[in-house]
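Asker: First, the structure itself, so that you have it in front of you.
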Amino acid sequence: MPEQLNKVDILLVDDSAMNRKFAERILKEEYSIVTVGSGAEALELLETCEPKLILLDFRMPGMDGAETMEKIRENKDWSGIPIIILTADSAPETEKEFFVMGADDFIVKPFVPMTMKSRIGRMIELYSLRRDLEARLEEKSLLLEKVSLNSILAIANTIDAKDAYTSGHSVRVAKCSQQIALRLGWSEEEARNLYHIGLLHDIGKIGVPDSILNKPTRLSDEEFVQIKKHPVIGAEILKNIRMIPGVSDGALYHHERYDGKGYPFGLAGEDIPLCARIIAVADAYDAMTSNRIYRAKLPDLHVVSEFERCSGKQFDPHLAYVFVEMLNEGFHIPPESRRGEDEKKSEQWTLADDNGTLLNRVLAEYGSGKNALDSLTGLHNRGYGEKAIEELLAGAHRGALLIMDLDDFKNVNDTYGHLMGDKVLKLLASALVSNVEDKDVVCRLGGDEFVAFFTDETDREALTARTERIMDGFAASLEEIGCGGVTHISGGIALSPTDGKNFSSLYSNADKALYYVKENGKNACGFYRKVQTVKRETRPDTDLDHIRLIIEGKMDEQKGLFKVPYEEFANLYSYLSRYVKRKGQMVQTLLFTIGSGENDLDNSVYEEAMSTLEVAAAYSLRMVDVGSRYSSLQYIVILVDTNLENGKMVADRVINQFYKIYSGSSITLSYDIQTMVVNA
């Protein structure tokens with residue numbers, strides 16, 4: 001109730017003026033009391049007065065005691081005030097009726113002062129005690145809510161930390177969902193609950209290998225199946241959480257689509273819980289407005305058009321309409337939310353007592369064990385590897401920690417493609433596994449970095465022999481697939497206990513040995529403290545062959561024109577413009593644009609068309625020509641030493657090749673051409 005209410009001890013409601021005066025005379029020395037003559041007056045007075053107790057006459061003209069009590073109990077601000085019925089009827093049946101209707105006690109007329117004071121005193125004492133307990137409970141509840149929120153935020157941060165490209169995603173989705181709910185007219189409490197649901201919508205990603213979450217290229221079918229499991233994993237984790245109503249629904253259904261083409265169950269329309277439909281909108285918005293490794297964030301107008309295009313398909317049409325209105329009015333989640341205040345606070349707060357058990361259970365159950373395998377190589381992941389090595393060291397085992405990574409591995413991916421890069425990583429994993437024993441631990445730390453712990457092995461000669469076998473085995477595997485010399489292994493070794501007694505210190509010192517090797521020629525492995533080369537057979541002519549292979553791309557992964565990222569394309573354009581200025585040769589710039597006569601095609605249709613266009617360009621153009629994606633629907637090409645007429649012929653050839661390959665419908669392909677002009 002509002003603080004400005006007048007506080008009194010007793011409100012007396014009785015149509016008899018004599019009864020009111022008599023009761024007031026009995027009670028006024030011990031209690032503050034106000035009196036009214038009808039139920040209607042009592043209800044009006046309660047708007048401005050907060051009594052500790054109501055004395056209510058049962059038999060009154062107009063609104064009697066039963067009706068008055070019913071209206072008091074219906075009001076949430078008054079319902080907790082104790083009511084004592086005043087009655088001349090002392091029959092047992094009547095007493096029972098009073099209690100059924102919600103009375104706390106009754107006093108029989110005519111009043112007996114001692115009895116009256118005794119019952120009133122006891123009731124007011126109980127009321128005061130109850131209010132005090134309620135206040136304490138409220139205080140405890142607020143504290144529990146704060147600690148619970150800490151756990152929620154900590155879990156959200158743990159989820160985001162697994163995916164290097166979506167840091168802060170859970171908090172931004174939660175904030176966006178909350179604002180949509182408020183726009184829909186939800187109460188502050190309901191919107192705040194949806195915020196908590198949004199924070200945990202991706203908790204199932206705890207059970208998805210890091211290598212899949214952080215993979216910078218298109219996922220394979222098998223990897224996408226793994227990703228699609230995270231809603232079910234999340235719902236399983238949250239199924240027993242009662243303090244956030246609907247939290248498991250948000251996790252389980254946020255990837256369902258309004259048209260029924262989502263996952264995991266293919267629900268459609270309003271069969272999808274409303275909270276999940278809202279989170280789906282917020283989730284898509286954050287994905288479109290965040291920079292990802294494979295594309296920059298989308299312009300605002302593009303975001304709006306995507307929500308309009310996907311209304312009734314991916315998104316609930318009403319929610320899409322409401323959110324587009326919000327966007328047109330300037331709504332946005334600031335980029336700085338990537339490290340927002342909620343996240344910063346969560347790092348400072350401490351989880352208390354049993355309220356941290358949810359986080360601990362999640363990390364214990366899904367951070368190791370059955371979900372601890374790297375999906376690409378089949379080795380254990382970093383979390384499992386660190387834990388296993390720490391346990392061995394704590395159990396008084398000695399051993400050697402070996403860190404290995406691939407020299408110039410980025411060039412492998414850039415030149416031969418990520419599929420070949422994945423194959424090379426698998427070959428290194430296989431070489432490691434072939435040269436360890438059951439008691440040893442091997443894991444992939446991430447990227448091209450691997451760790452092996454040789455349990456109870458500290459002899460340098462034996463370790464030298466092992467690392468030589470690993471390096472020789474890997475080199476032989478590269479030769480077998482026609483990639484000999486494209487990359488090599490560098491490594492560092494630290495021994496326990498001389499170089500460290502725990503994983504952290506051993507890793508740090510092995511990394512220093514690795515760094516020394518990298519700085520002194522690569523393709524070798526060294527021990528910490530005494531840098532002893534395990535293998536080094538690099539010749540200048542071999543290195544030059546390696547460089548030539550990288551530049552020329554002897555593996556023929558690229559056919560036809562030279563495909564590059566757009567940033568590199570811009571540099572090449574600048575270089576060629578200088579070439580044109582110096583040599584006076586003709587260079588044409590072609591811009592192909594994919595369009596459609598329909599407005600409701602899925603993104604997958606356009607992506608298929610763009611992929612087809614890239615293939616058509618590769619097979620239709622020369623190796624001296626250069627091409628790059630300019631946008632999601634445009635492809636730009638530089639034609640070297642070509643006049644305008646020939647450039648148009650080349651463009652027609654690409655378009656003809658496109659329509660020979662492309663199997664879809666409703667897609668159009670057009671082009672613009674311009675002769676490169678260089679300012680003097």
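The values are calculated or read from the model by the stated rules, or taken from the named source; none is laboratory data. Just so we're clear, the structure is a prediction, and the values are computed from it rather than from any experiment. Reconstructed Cβ throughout: ideal geometry from the backbone, glycine too, with neighbour counts over all protein chains shown.
Asker: Considering only region 76-90, state which residues are under 16 Å from residue 13 (Cβ atoms) and loosely packed, with under 13 Cβ neighbours inside 10 Å.
Answerer: 88
Asker: Step by step: first the residues of region 601-632, then only those that are of a type in the set (D, E, K, R) and over 28 Å from the mean Cα position of the chain (by Cα), then the one that is surrounded by the most Cβ atoms within 10 Å (Cβ to Cβ). Which residue is that?
Answerer: That would be 625.
Asker: For residue 81, which of the numbered conditions (1) assigned to a helix (DSSP H, G or I); (2) in contact (Cβ under 8 Å) with a residue 12 or more places away in the chain fails to hold?
Answerer: (1)
Asker: When you scan region 27-37, do you find a residue that is under 17 Å from residue 115 (Cβ atoms) and in a helix (DSSP H, G or I), even just one?
Answerer: The answer is yes, given that some residue of region 27-37 is under 17 Å from residue 115 (Cβ atoms) and in a helix (DSSP H, G or I).
Asker: Would you say residue 500 is modelled with pLDDT of 90 or more, surrounded by fewer than 20 Cβ atoms within 10 Å (Cβ to Cβ) and more than 17 Å from residue 443 (Cα to Cα)?
Answerer: no
Asker: Among the residues of region 179-194 satisfying the criterion of being touching a residue at least 40 places away in the same chain (Cβ under 8 Å) and part of a helix (DSSP H, G or I), which is surrounded by the most Cβ atoms within 10 Å (Cβ to Cβ)?
Answerer: Once the filter is applied, the top-ranked residue is 194.
Asker: Output yes when any residue across region 486-495 is touching a Ser or Thr at 6+ places or on another chain (Cβ under 9 Å), at pLDDT below 90 and buried (at least 17 other Cβ atoms within 10 Å of the Cβ), and no when none is.
Answerer: There is at least one residue in region 486-495 that is touching a Ser or Thr at 6+ places or on another chain (Cβ under 9 Å), at pLDDT below 90 and buried (at least 17 other Cβ atoms within 10 Å of the Cβ).
Asker: Shifting gears a bit: Just to be sure I understand, how many residues within region 473-496 are touching a residue at least 60 places away in the same chain (Cβ under 8 Å) and more than 23 Å from residue 384 (Cβ to Cβ)?
Answerer: 7
Asker: Here's something else I'd like to know. For region 610-680, give me every one of the strands (runs of 3 or more DSSP E) that falls completely inside it and has 2 or more residues that are touching a helix residue (DSSP H, G or I) at 6+ places or on another chain (Cβ under 6 Å), outside the structural domain of residue 302 (by TED's automatic domain parsing) and closer than 13 Å to residue 594 by Cα.
Answerer: In region 610-680, 667-675 are the strands (runs of 3 or more DSSP E) which contain 2 or more residues that are touching a helix residue (DSSP H, G or I) at 6+ places or on another chain (Cβ under 6 Å), outside the structural domain of residue 302 (by TED's automatic domain parsing) and closer than 13 Å to residue 594 by Cα.
Asker: Quickly run through region 298-330 and pick out the residues that are more than 23 Å from residue 633 (Cβ to Cβ) and crowded, with 19+ Cβ neighbours inside 10 Å.
Answerer: 316, 319, 323
Asker: Being out of contact with any His (no Cβ under 6 Å at 6 or more places or on another chain), within 30 Å of residue 522 (Cα to Cα) and either modelled with pLDDT of 50 or more or not in a helix (DSSP H, G or I) (or both) is true for just one of 419, 392. Which residue is that?
Answerer: After applying the criteria, what remains is 419.
Asker: Here's something else I'd like to know. Could you tell me whether region 425-440 includes any residue that is of a type in the set (Gly, Ala, Ser), free of Cβ contacts under 8 Å to residues at least 40 places away in the same chain, part of a helix (DSSP H, G or I) and closer than 20 Å to residue 489 by Cα?
Answerer: No, the conditions are met nowhere in region 425-440.
Asker: Ok, one more. Here are the criteria: (1) at pLDDT below 90; (2) on the phi < 0 side of the Ramachandran plot; (3) not charged (D, E, K, R). Tell me which single one residue 510 does not satisfy.
Answerer: (1)
Asker: Taking only region 455-474 into account, find how many residues are assigned to a helix (DSSP H, G or I) and touching a helix residue (DSSP H, G or I) at 6+ places or on another chain (Cβ under 9 Å).
Answerer: Final tally of qualifying residues: 6.
Asker: Would you point out which residue out of 97, 50 is in a strand (DSSP E or B), surrounded by fewer than 18 Cβ atoms within 10 Å (Cβ to Cβ) and assigned by TED's automatic domain parsing to the domain that holds residue 17?
Answerer: 50
Asker: Continuing with the same structure: Being touching a residue at least 12 places away in the same chain (Cβ under 8 Å), in contact with a helix residue (DSSP H, G or I) (Cβ under 7 Å, 6 or more places away or on another chain) and over 16 Å from residue 43 (Cβ atoms): is that true of residue 57 here?
Answerer: no
Asker: Another one. How do the helices (runs of 4 or more DSSP H) wholly within region 195-285 filter down when requiring 2 or more residues that are under 19 Å from residue 318 (Cβ atoms): which remain?
Answerer: 247-253
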